[in-house]
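Notes follow once the structure below has been shown.
The values are calculated or read from the model by the stated rules, or taken from the named source; none is laboratory data. These numbers were taken from a predicted model, which means no experiment stands behind them. Counting neighbours? That spans all protein chains shown, and the Cβs are built from the backbone with ideal geometry, glycine included. These area figures cover heavy atoms from the full protein model, side chains too; ligands, DNA and RNA do not enter into them. Shrake-Rupley method; radii C 1.70, N 1.55, O 1.52, S 1.80 Å.
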Amino acid sequence: MLNPKVILFFLAFLPQFVRPEAGAPALQVVVLGTTLLLLGLVSDIVYAVGAGALGARLRARARAGALRTLSGVVYLGLGVATALTGARSA
């Protein structure tokens, strides 16, 4: 609630869906905000459960040596890319 981006989103996005002739505008904003909150909560839960299941599956299948080697290769690749890119002045 204290995030300025969220406040700006609500101020810019939700009022276009509020119809004064349909009832109290404040109640409509609360209902729309609650709907957005619940949809966000459900999608976050789905992502978390899916990631947990995928992580458990990967841990069960992966050998520690292969995972460590893959991690090392990724870090080496990132290091080489960083070294080759170099610092560029504006």
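Rolling a 1.4 Å probe over the protein heavy atoms of the chain, with every protein chain left in place, gives an accessible area that is 73 percent carbon and sulfur. Placing dummy labels 7 Å off each Cα toward the beta-carbon, the span from Leu78 to Leu11 is 3.7 nm. Taking Leu36, Leu14, Leu78 as the candidate residues, the one with maximal mean-square fluctuation in a Gaussian network model of the chain, Cα springs under 10 Å, is Leu78. Taking 0.36 nm per residue of separation and subtracting the Cα-Cα distance, full extension of the segment from Thr85 to Val18 would add 19.1 nm. Per-residue surface analysis assigns Ser71 an accessible area of about 50 Å², computed on protein heavy atoms at 1.4 Å probe radius.
Counting only protein heavy atoms and using a 1.4 Å probe, the accessible area of Ile7 comes to about 80 Å².
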